[in-house]
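Below you'll find the structure, written out as C-alpha coordinates, and then a few comments.
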Amino acid sequence: MNGGDVRRQLGLLDATALCAGSIIGSGIFFLPATMAAALPATGPLLAVWLVAGLVSVLGALCLAELGTMMPEQGGLTIYLREAFGSFWGFLYGWTCFALTNTVALAAIAMVFAEYLGVLLPMGAGAERAVALAAIAGFTALNCLGVREGATAQNILTGLKVLLMAGIVAAAFLLPGGGPGNLEPALLARPEGGYAAPLAVAFLGALFAYDGWINISFVGGEVRDPARTLPLAVLWGTGVVVLLYLAVNLAYLWVLGPAGVAGSPLVASETLARVAGPSGSRIIAFVIVVSTLGALNGNLLSSARVPFALAREGRFPAVAGRLGRRGTPVAALLLQGAWAVALSFTGTYVQLTQWMVYGAFIFFGLGAVAVLVLRRRRPDLPRPYRVWGYPATPVIFAAFAAWLVLQTVHDAPRDAAIGTGLILAGVPFYFLFRPR
(Lines give C-alpha, C1' and ligand atoms only; values in the text may rest on other atoms or scores of the structure.)
Protein backbone atom coordinates (compact mmCIF):
# COMPACT_ATOMS: atom_id res chain seq x y z
CA MET A 1 0.00 0.00 0.00
CA ASN A 2 1.04 3.62 -0.41
CA GLY A 3 0.00 7.02 0.81
CA GLY A 4 -0.79 8.48 -2.62
CA ASP A 5 -3.71 10.60 -3.71
CA VAL A 6 -7.09 9.35 -4.88
CA ARG A 7 -8.04 9.65 -8.55
CA ARG A 8 -11.24 11.13 -9.97
CA GLN A 9 -12.72 8.11 -11.76
CA LEU A 10 -16.49 8.41 -11.17
CA GLY A 11 -18.75 10.06 -13.75
CA LEU A 12 -22.39 11.18 -13.55
CA LEU A 13 -23.81 7.70 -14.18
CA ASP A 14 -21.55 6.19 -11.53
CA ALA A 15 -22.43 8.87 -8.99
CA THR A 16 -26.17 8.66 -9.66
CA ALA A 17 -26.14 4.86 -9.42
CA LEU A 18 -24.16 5.08 -6.20
CA CYS A 19 -26.66 7.55 -4.72
CA ALA A 20 -29.81 5.66 -5.74
CA GLY A 21 -28.32 2.22 -5.17
CA SER A 22 -27.14 3.11 -1.66
CA ILE A 23 -30.67 4.24 -0.76
CA ILE A 24 -32.65 1.31 -2.18
CA GLY A 25 -31.81 -1.58 0.10
CA SER A 26 -33.94 -3.61 2.45
CA GLY A 27 -36.12 -1.09 4.26
CA ILE A 28 -38.73 -0.69 1.52
CA PHE A 29 -39.52 -4.44 1.75
CA PHE A 30 -39.98 -4.60 5.55
CA LEU A 31 -40.62 -1.27 7.20
CA PRO A 32 -44.02 -0.52 5.59
CA ALA A 33 -45.55 -3.06 8.00
CA THR A 34 -44.20 -1.25 11.08
CA MET A 35 -45.29 2.08 9.64
CA ALA A 36 -48.81 0.85 8.81
CA ALA A 37 -49.20 -0.53 12.33
CA ALA A 38 -48.52 2.98 13.62
CA LEU A 39 -50.58 4.81 10.95
CA PRO A 40 -53.23 2.38 9.60
CA ALA A 41 -54.61 4.60 6.82
CA THR A 42 -53.62 5.10 3.18
CA GLY A 43 -53.44 8.91 3.20
CA PRO A 44 -51.11 9.33 6.20
CA LEU A 45 -48.87 6.46 5.07
CA LEU A 46 -48.32 7.86 1.60
CA ALA A 47 -47.94 11.36 3.07
CA VAL A 48 -45.15 10.15 5.37
CA TRP A 49 -43.32 8.51 2.47
CA LEU A 50 -43.66 11.70 0.42
CA VAL A 51 -42.62 14.06 3.21
CA ALA A 52 -39.70 11.84 4.24
CA GLY A 53 -38.62 11.74 0.60
CA LEU A 54 -38.81 15.53 0.27
CA VAL A 55 -36.91 15.95 3.55
CA SER A 56 -34.23 13.62 2.19
CA VAL A 57 -34.04 15.72 -0.99
CA LEU A 58 -33.65 18.90 1.10
CA GLY A 59 -30.83 17.27 3.06
CA ALA A 60 -29.18 16.05 -0.13
CA LEU A 61 -29.33 19.55 -1.64
CA CYS A 62 -27.64 21.00 1.45
CA LEU A 63 -24.91 18.40 1.11
CA ALA A 64 -24.58 19.23 -2.59
CA GLU A 65 -23.65 22.85 -1.79
CA LEU A 66 -21.13 21.73 0.80
CA GLY A 67 -19.78 19.02 -1.49
CA THR A 68 -19.12 21.33 -4.42
CA MET A 69 -17.35 23.75 -2.04
CA MET A 70 -15.14 21.00 -0.62
CA PRO A 71 -15.09 18.02 -3.02
CA GLU A 72 -12.94 15.83 -0.79
CA GLN A 73 -13.01 12.33 0.61
CA GLY A 74 -15.00 12.04 3.84
CA GLY A 75 -17.98 14.25 2.99
CA LEU A 76 -19.78 15.55 6.06
CA THR A 77 -16.84 14.98 8.37
CA ILE A 78 -14.93 17.59 6.31
CA TYR A 79 -17.86 20.03 6.20
CA LEU A 80 -18.46 19.87 9.97
CA ARG A 81 -14.76 20.37 10.61
CA GLU A 82 -14.80 23.56 8.54
CA ALA A 83 -18.00 24.88 10.15
CA PHE A 84 -17.62 23.87 13.81
CA GLY A 85 -14.07 22.66 14.32
CA SER A 86 -12.15 19.40 14.20
CA PHE A 87 -13.93 17.86 17.20
CA TRP A 88 -17.34 17.78 15.46
CA GLY A 89 -15.86 16.57 12.21
CA PHE A 90 -14.13 13.73 14.01
CA LEU A 91 -17.20 12.84 16.08
CA TYR A 92 -19.29 12.46 12.93
CA GLY A 93 -16.59 10.35 11.30
CA TRP A 94 -16.42 8.19 14.40
CA THR A 95 -20.22 7.85 14.42
CA CYS A 96 -20.17 6.74 10.78
CA PHE A 97 -17.60 4.08 11.54
CA ALA A 98 -18.88 2.94 14.94
CA LEU A 99 -22.62 3.26 14.38
CA THR A 100 -24.45 4.54 11.33
CA ASN A 101 -22.60 3.21 8.28
CA THR A 102 -21.49 -0.09 9.72
CA VAL A 103 -24.89 -0.74 11.33
CA ALA A 104 -26.44 -0.21 7.89
CA LEU A 105 -24.02 -2.75 6.42
CA ALA A 106 -24.83 -5.30 9.11
CA ALA A 107 -28.60 -4.83 8.74
CA ILE A 108 -28.50 -5.06 4.94
CA ALA A 109 -26.38 -8.22 5.04
CA MET A 110 -28.78 -9.84 7.53
CA VAL A 111 -31.75 -9.18 5.24
CA PHE A 112 -29.84 -10.42 2.19
CA ALA A 113 -29.07 -13.73 3.90
CA GLU A 114 -32.64 -14.15 5.15
CA TYR A 115 -34.08 -13.81 1.66
CA LEU A 116 -31.41 -15.91 0.02
CA GLY A 117 -32.65 -18.54 2.46
CA VAL A 118 -36.06 -18.38 0.76
CA LEU A 119 -34.43 -19.33 -2.56
CA LEU A 120 -31.90 -21.73 -1.06
CA PRO A 121 -33.29 -23.05 2.25
CA MET A 122 -30.72 -23.05 5.03
CA GLY A 123 -30.55 -22.95 8.82
CA ALA A 124 -30.07 -19.90 11.01
CA GLY A 125 -26.36 -20.59 11.40
CA ALA A 126 -25.88 -20.84 7.65
CA GLU A 127 -27.78 -17.57 7.13
CA ARG A 128 -25.43 -15.84 9.55
CA ALA A 129 -22.44 -17.23 7.68
CA VAL A 130 -23.88 -16.05 4.36
CA ALA A 131 -24.38 -12.53 5.75
CA LEU A 132 -20.76 -12.43 6.88
CA ALA A 133 -19.59 -13.81 3.54
CA ALA A 134 -21.51 -11.08 1.68
CA ILE A 135 -19.77 -8.35 3.69
CA ALA A 136 -16.39 -10.02 3.14
CA GLY A 137 -16.98 -10.62 -0.58
CA PHE A 138 -17.98 -7.07 -1.45
CA THR A 139 -15.21 -5.69 0.74
CA ALA A 140 -12.77 -7.74 -1.34
CA LEU A 141 -14.35 -6.56 -4.60
CA ASN A 142 -13.94 -2.92 -3.63
CA CYS A 143 -10.36 -3.52 -2.56
CA LEU A 144 -9.64 -4.48 -6.18
CA GLY A 145 -10.37 -0.97 -7.43
CA VAL A 146 -12.85 1.91 -7.59
CA ARG A 147 -13.80 1.07 -11.16
CA GLU A 148 -14.67 -2.52 -10.25
CA GLY A 149 -16.89 -1.42 -7.37
CA ALA A 150 -18.58 1.29 -9.46
CA THR A 151 -19.28 -1.07 -12.36
CA ALA A 152 -20.91 -3.59 -10.02
CA GLN A 153 -22.95 -0.75 -8.54
CA ASN A 154 -24.19 0.44 -11.93
CA ILE A 155 -25.34 -3.06 -12.89
CA LEU A 156 -27.02 -3.85 -9.56
CA THR A 157 -28.77 -0.46 -9.33
CA GLY A 158 -30.17 -0.69 -12.86
CA LEU A 159 -31.36 -4.24 -12.27
CA LYS A 160 -33.12 -3.53 -8.98
CA VAL A 161 -34.88 -0.42 -10.32
CA LEU A 162 -36.28 -2.54 -13.16
CA LEU A 163 -37.30 -5.32 -10.80
CA MET A 164 -39.08 -2.94 -8.44
CA ALA A 165 -40.90 -1.36 -11.36
CA GLY A 166 -42.00 -4.90 -12.21
CA ILE A 167 -43.48 -5.32 -8.71
CA VAL A 168 -45.55 -2.18 -9.24
CA ALA A 169 -46.73 -3.32 -12.66
CA ALA A 170 -47.70 -6.77 -11.35
CA ALA A 171 -49.68 -5.31 -8.45
CA PHE A 172 -51.77 -3.07 -10.70
CA LEU A 173 -52.11 -5.28 -13.78
CA LEU A 174 -52.72 -8.72 -12.25
CA PRO A 175 -55.97 -9.58 -10.44
CA GLY A 176 -55.92 -9.43 -6.66
CA GLY A 177 -55.92 -5.72 -5.85
CA GLY A 178 -58.37 -2.87 -6.23
CA PRO A 179 -59.30 0.65 -5.10
CA GLY A 180 -61.49 -0.72 -2.32
CA ASN A 181 -58.36 -1.90 -0.51
CA LEU A 182 -57.18 1.69 -0.10
CA GLU A 183 -59.72 2.30 2.68
CA PRO A 184 -59.50 3.82 5.17
CA ALA A 185 -58.03 6.87 3.52
CA LEU A 186 -57.86 8.96 6.70
CA LEU A 187 -56.81 8.22 10.25
CA ALA A 188 -58.87 8.81 13.38
CA ARG A 189 -56.99 10.71 16.07
CA PRO A 190 -54.98 8.21 18.16
CA GLU A 191 -55.64 8.19 21.89
CA GLY A 192 -52.17 9.52 22.71
CA GLY A 193 -52.02 12.00 19.84
CA TYR A 194 -50.20 11.94 16.52
CA ALA A 195 -46.62 12.62 17.63
CA ALA A 196 -45.59 9.09 18.66
CA PRO A 197 -47.07 7.20 15.67
CA LEU A 198 -45.70 9.81 13.28
CA ALA A 199 -42.24 9.41 14.80
CA VAL A 200 -42.40 5.63 14.35
CA ALA A 201 -43.51 6.03 10.75
CA PHE A 202 -40.89 8.66 9.93
CA LEU A 203 -38.11 6.58 11.50
CA GLY A 204 -39.06 3.73 9.19
CA ALA A 205 -39.31 5.89 6.07
CA LEU A 206 -36.09 7.78 6.76
CA PHE A 207 -34.18 4.54 7.27
CA ALA A 208 -35.51 3.36 3.90
CA TYR A 209 -34.33 6.64 2.34
CA ASP A 210 -30.99 6.63 4.12
CA GLY A 211 -27.98 6.56 1.83
CA TRP A 212 -28.34 9.88 0.00
CA ILE A 213 -25.35 11.21 1.94
CA ASN A 214 -23.04 8.48 0.63
CA ILE A 215 -22.19 10.28 -2.59
CA SER A 216 -20.53 13.04 -0.54
CA PHE A 217 -18.08 10.53 0.95
CA VAL A 218 -16.47 9.95 -2.46
CA GLY A 219 -16.32 13.63 -3.44
CA GLY A 220 -12.59 13.33 -4.09
CA GLU A 221 -13.15 10.60 -6.71
CA VAL A 222 -15.94 12.29 -8.71
CA ARG A 223 -15.08 13.92 -12.02
CA ASP A 224 -16.23 17.54 -12.42
CA PRO A 225 -17.78 17.59 -8.91
CA ALA A 226 -19.28 21.08 -9.35
CA ARG A 227 -21.63 19.66 -11.98
CA THR A 228 -21.77 15.98 -11.09
CA LEU A 229 -22.58 16.08 -7.36
CA PRO A 230 -25.76 18.23 -7.54
CA LEU A 231 -27.10 16.32 -10.54
CA ALA A 232 -26.34 12.94 -8.96
CA VAL A 233 -28.16 13.73 -5.70
CA LEU A 234 -31.15 15.22 -7.53
CA TRP A 235 -31.51 12.34 -9.98
CA GLY A 236 -30.65 9.68 -7.42
CA THR A 237 -32.99 10.83 -4.65
CA GLY A 238 -35.73 11.95 -7.05
CA VAL A 239 -35.97 8.56 -8.74
CA VAL A 240 -36.08 6.78 -5.38
CA VAL A 241 -38.85 9.01 -4.02
CA LEU A 242 -41.06 8.28 -7.05
CA LEU A 243 -40.24 4.57 -6.92
CA TYR A 244 -40.98 4.28 -3.19
CA LEU A 245 -44.32 6.06 -3.55
CA ALA A 246 -45.28 3.71 -6.39
CA VAL A 247 -44.22 0.58 -4.47
CA ASN A 248 -46.11 1.58 -1.33
CA LEU A 249 -49.21 2.41 -3.34
CA ALA A 250 -48.90 -1.06 -4.89
CA TYR A 251 -48.75 -2.68 -1.43
CA LEU A 252 -51.86 -0.77 -0.35
CA TRP A 253 -53.68 -1.50 -3.63
CA VAL A 254 -53.32 -5.23 -3.00
CA LEU A 255 -53.34 -5.58 0.81
CA GLY A 256 -54.88 -2.39 2.20
CA PRO A 257 -53.54 -0.61 5.33
CA ALA A 258 -54.59 -3.42 7.69
CA GLY A 259 -53.07 -6.06 5.43
CA VAL A 260 -49.79 -4.15 5.18
CA ALA A 261 -49.70 -3.73 8.98
CA GLY A 262 -50.21 -7.47 9.43
CA SER A 263 -47.57 -8.53 6.90
CA PRO A 264 -43.99 -8.32 8.20
CA LEU A 265 -42.90 -9.60 4.78
CA VAL A 266 -45.18 -7.16 2.99
CA ALA A 267 -43.52 -7.42 -0.42
CA SER A 268 -43.75 -11.21 -0.41
CA GLU A 269 -47.38 -11.12 0.64
CA THR A 270 -48.21 -8.63 -2.12
CA LEU A 271 -46.64 -10.74 -4.87
CA ALA A 272 -48.11 -13.96 -3.46
CA ARG A 273 -51.58 -12.39 -3.57
CA VAL A 274 -51.35 -11.48 -7.28
CA ALA A 275 -48.89 -14.05 -8.64
CA GLY A 276 -49.57 -17.12 -6.51
CA PRO A 277 -46.99 -19.22 -4.63
CA SER A 278 -44.23 -18.26 -7.07
CA GLY A 279 -44.64 -14.63 -5.95
CA SER A 280 -42.71 -15.25 -2.74
CA ARG A 281 -39.72 -16.59 -4.64
CA ILE A 282 -39.87 -13.74 -7.14
CA ILE A 283 -39.80 -11.12 -4.41
CA ALA A 284 -37.02 -12.99 -2.62
CA PHE A 285 -34.90 -12.66 -5.77
CA VAL A 286 -35.73 -8.94 -6.01
CA ILE A 287 -34.70 -8.37 -2.39
CA VAL A 288 -31.48 -10.36 -2.84
CA VAL A 289 -30.51 -8.13 -5.79
CA SER A 290 -31.57 -4.96 -3.98
CA THR A 291 -29.64 -5.71 -0.82
CA LEU A 292 -26.53 -6.69 -2.77
CA GLY A 293 -26.60 -3.32 -4.53
CA ALA A 294 -27.07 -1.45 -1.26
CA LEU A 295 -24.33 -3.46 0.42
CA ASN A 296 -21.85 -2.71 -2.36
CA GLY A 297 -22.74 0.98 -2.52
CA ASN A 298 -22.45 1.46 1.21
CA LEU A 299 -19.17 -0.45 1.42
CA LEU A 300 -17.66 1.53 -1.45
CA SER A 301 -18.57 4.95 -0.10
CA SER A 302 -18.46 4.56 3.67
CA ALA A 303 -14.85 3.41 3.82
CA ARG A 304 -13.84 6.88 2.63
CA VAL A 305 -14.79 8.31 6.04
CA PRO A 306 -12.17 6.50 8.18
CA PHE A 307 -9.76 7.05 5.27
CA ALA A 308 -10.32 10.82 5.51
CA LEU A 309 -9.95 10.78 9.31
CA ALA A 310 -6.69 8.86 9.01
CA ARG A 311 -5.39 11.40 6.49
CA GLU A 312 -5.98 14.09 9.14
CA GLY A 313 -4.17 12.02 11.78
CA ARG A 314 -7.43 11.32 13.66
CA PHE A 315 -7.53 7.57 13.01
CA PRO A 316 -4.93 4.79 12.80
CA ALA A 317 -2.50 5.87 10.07
CA VAL A 318 -2.80 2.60 8.15
CA ALA A 319 -6.44 3.47 7.27
CA GLY A 320 -5.19 6.49 5.32
CA ARG A 321 -3.07 4.47 2.90
CA LEU A 322 -4.12 3.55 -0.61
CA GLY A 323 -3.64 0.24 -2.33
CA ARG A 324 -1.92 -0.06 -5.70
CA ARG A 325 -5.26 0.38 -7.48
CA GLY A 326 -6.01 3.64 -5.65
CA THR A 327 -8.46 2.19 -3.11
CA PRO A 328 -8.34 2.60 0.70
CA VAL A 329 -7.79 -1.10 1.32
CA ALA A 330 -7.06 -0.89 5.06
CA ALA A 331 -10.11 1.34 5.68
CA LEU A 332 -12.28 -1.12 3.77
CA LEU A 333 -10.98 -4.05 5.81
CA LEU A 334 -11.45 -2.26 9.16
CA GLN A 335 -14.98 -1.26 8.18
CA GLY A 336 -15.86 -4.78 7.06
CA ALA A 337 -14.54 -6.31 10.28
CA TRP A 338 -16.62 -3.98 12.48
CA ALA A 339 -19.76 -4.54 10.37
CA VAL A 340 -19.30 -8.28 10.86
CA ALA A 341 -19.07 -7.76 14.63
CA LEU A 342 -22.23 -5.62 14.65
CA SER A 343 -24.16 -8.29 12.78
CA PHE A 344 -24.09 -10.35 15.99
CA THR A 345 -25.85 -7.63 18.01
CA GLY A 346 -29.51 -6.61 18.27
CA THR A 347 -32.39 -7.12 15.90
CA TYR A 348 -32.97 -5.49 12.55
CA VAL A 349 -35.41 -2.96 14.06
CA GLN A 350 -33.03 -2.08 16.91
CA LEU A 351 -30.17 -1.56 14.50
CA THR A 352 -32.24 0.79 12.34
CA GLN A 353 -33.35 2.87 15.35
CA TRP A 354 -29.78 3.32 16.55
CA MET A 355 -28.68 4.24 13.04
CA VAL A 356 -31.36 6.80 12.17
CA TYR A 357 -31.08 8.49 15.56
CA GLY A 358 -27.30 8.87 15.31
CA ALA A 359 -27.33 9.89 11.67
CA PHE A 360 -29.90 12.67 12.03
CA ILE A 361 -28.01 14.37 14.84
CA PHE A 362 -25.23 15.05 12.36
CA PHE A 363 -27.42 15.51 9.28
CA GLY A 364 -29.09 18.38 11.13
CA LEU A 365 -25.68 19.86 11.97
CA GLY A 366 -24.78 19.56 8.29
CA ALA A 367 -27.74 21.74 7.34
CA VAL A 368 -26.70 24.28 9.99
CA ALA A 369 -23.19 24.18 8.52
CA VAL A 370 -24.59 25.59 5.26
CA LEU A 371 -25.85 28.63 7.20
CA VAL A 372 -22.66 28.99 9.22
CA LEU A 373 -20.29 28.78 6.26
CA ARG A 374 -22.35 31.26 4.21
CA ARG A 375 -21.56 33.80 6.96
CA ARG A 376 -18.07 32.75 8.04
CA ARG A 377 -16.57 31.72 4.72
CA PRO A 378 -18.18 33.76 1.95
CA ASP A 379 -14.84 33.51 0.13
CA LEU A 380 -15.20 29.77 -0.54
CA PRO A 381 -16.22 28.90 -4.13
CA ARG A 382 -19.83 27.78 -4.40
CA PRO A 383 -20.43 26.30 -7.86
CA TYR A 384 -23.83 25.15 -6.57
CA ARG A 385 -25.98 27.12 -4.11
CA VAL A 386 -28.80 25.24 -2.41
CA TRP A 387 -32.25 26.07 -3.76
CA GLY A 388 -34.56 27.95 -1.42
CA TYR A 389 -31.83 29.23 0.90
CA PRO A 390 -32.17 29.84 3.84
CA ALA A 391 -35.50 27.97 4.12
CA THR A 392 -34.10 24.66 2.84
CA PRO A 393 -31.38 24.15 5.50
CA VAL A 394 -33.60 25.62 8.25
CA ILE A 395 -36.50 23.26 7.48
CA PHE A 396 -34.22 20.24 7.28
CA ALA A 397 -32.40 21.11 10.53
CA ALA A 398 -35.73 21.63 12.34
CA PHE A 399 -37.05 18.30 11.13
CA ALA A 400 -33.85 16.53 12.21
CA ALA A 401 -34.11 18.11 15.68
CA TRP A 402 -37.74 16.98 16.04
CA LEU A 403 -36.89 13.43 15.03
CA VAL A 404 -33.99 13.17 17.46
CA LEU A 405 -35.97 14.62 20.38
CA GLN A 406 -38.99 12.44 19.62
CA THR A 407 -36.75 9.35 19.60
CA VAL A 408 -35.37 10.33 23.01
CA HIS A 409 -38.94 10.62 24.28
CA ASP A 410 -40.38 7.46 22.71
CA ALA A 411 -37.36 5.12 22.77
CA PRO A 412 -35.04 6.36 25.53
CA ARG A 413 -33.13 3.08 25.74
CA ASP A 414 -32.29 3.07 22.03
CA ALA A 415 -31.42 6.78 22.17
CA ALA A 416 -29.14 6.13 25.15
CA ILE A 417 -27.34 3.31 23.34
CA GLY A 418 -26.92 5.45 20.24
CA THR A 419 -25.64 8.37 22.31
CA GLY A 420 -23.24 6.09 24.15
CA LEU A 421 -21.76 4.80 20.90
CA ILE A 422 -21.32 8.37 19.66
CA LEU A 423 -19.69 9.59 22.88
CA ALA A 424 -17.40 6.56 22.93
CA GLY A 425 -15.47 8.39 20.24
CA VAL A 426 -14.52 11.31 22.51
CA PRO A 427 -11.46 9.59 24.09
CA PHE A 428 -10.25 8.61 20.62
CA TYR A 429 -10.36 12.26 19.54
CA PHE A 430 -7.71 13.01 22.11
CA LEU A 431 -5.86 9.73 21.57
CA PHE A 432 -5.44 10.30 17.81
CA ARG A 433 -3.88 13.74 17.70
CA PRO A 434 -2.43 14.89 14.38
CA ARG A 435 1.34 14.83 14.42
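The values are calculated or read from the model by the stated rules, or taken from the named source; none is laboratory data. Computed from a predicted model, the values in this text were never measured in an experiment. Positions of Cβ are generated from backbone atoms using ideal geometry, with glycine treated the same way; all protein chains shown enter the neighbour counts.
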With the requirement that a residue be out of contact with any Leu (no Cβ under 8 Å at 6 or more places or on another chain) and surrounded by 15 or more Cβ atoms within 10 Å (Cβ to Cβ), what does region 141-152 give you? Leu141, Gly145, Arg147
Counted residues in region 425-435 being surrounded by 14 or more Cβ atoms within 10 Å (Cβ to Cβ), among the hydrophobic types (A, V, I, L, M, F, W, C) and part of a helix (DSSP H, G or I) come to 1
If a residue has to be farther than 22 Å from Val51 by Cα and hydroxyl-bearing (Ser, Thr, Tyr) to count, how many in region 394-435 make the cut? 2
Have a look at Leu45, Leu66, Leu120, Leu105 and point out the one that is without any contact (Cβ under 8 Å) to a residue 12 or more places away in the chain and of a type in the set (A, V, I, L, M, F, W, C). Leu120
What's the number of the condition Leu45 fails, among (1) surrounded by fewer than 24 Cβ atoms within 10 Å (Cβ to Cβ); (2) assigned to a helix (DSSP H, G or I); (3) out of contact with any Lys or Arg (no Cβ under 8 Å at 6 or more places or on another chain)? (1)
Can we say Gly53 is more than 22 Å from Trp338 (Cβ to Cβ), of a type outside the set (A, V, I, L, M, F, W, C) and without any contact (Cβ under 8 Å) to a residue 60 or more places away in the chain? no
Find all pairs meeting these conditions: Cβ atoms under 8 angstrom apart; at least six residues apart or on different chains; first residue within region 238-256 and touching a residue at least 60 places away in the same chain (Cβ under 8 Å); second residue of a type in the set (Lys, Arg). Val254/Arg273; Leu255/Arg273
Members of region 299-321 found to be under 21 Å from Gln153 (Cα atoms) and surrounded by fewer than 24 Cβ atoms within 10 Å (Cβ to Cβ), listed by number: none
Going through Asn296, Asn248 one at a time, which residue ends up being closer than 30 Å to Cys143 by Cβ and polar (S, T, N, Q)? Asn296
Number of positions in region 156-171 that are over 18 Å from the mean Cα position of the chain (by Cα) and surrounded by fewer than 16 Cβ atoms within 10 Å (Cβ to Cβ): 4
Name the residue, out of Gly358, Gly366, that is surrounded by 21 or more Cβ atoms within 10 Å (Cβ to Cβ), of a type in the set (Gly, Ala, Ser) and either out of contact with any helix residue (DSSP H, G or I) (no Cβ under 8 Å at 6 or more places or on another chain) or modelled with pLDDT of 85 or more (or both). Gly366
Are any residues in region 110-146 assigned to a helix (DSSP H, G or I), among the small types (Gly, Ala, Ser) and within 16 Å of Leu333 (Cβ to Cβ), and if so, which ones? Ala133, Ala134, Ala136, Gly137, Ala140
Among Val274, Val247, the single one that is modelled with pLDDT of 90 or more, under 27 Å from Pro40 (Cβ atoms), β-branched (Val, Ile, Thr) and in a helix (DSSP H, G or I) is Val247
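Every residue, every condition in (1) of a type in the set (Gly, Ala, Ser); (2) more than 22 Å from Ile417 (Cβ to Cβ), yes or no:
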| site | (1), (2) |
| --- | --- |
| Gly74 | yes, yes |
| Thr95 | no, no |
| Ala98 | yes, no |
| Leu132 | no, yes |
Can you tell me which residue among Pro71, Pro40 is assigned to a loop (DSSP other than H, G, I, E, B), crowded, with 22+ Cβ neighbours inside 10 Å and not polar (S, T, N, Q)? Pro71
Does Thr77 qualify as being β-branched (Val, Ile, Thr), surrounded by 23 or more Cβ atoms within 10 Å (Cβ to Cβ) and closer than 12 Å to Ser216 by Cα? yes
Criterion violated by Ala107 - all others in (1) under 23 Å from Leu10 (Cα atoms); (2) of a type in the set (Gly, Ala, Ser); (3) in contact with a Leu (Cβ under 6 Å, 6 or more places away or on another chain) satisfied: (1)
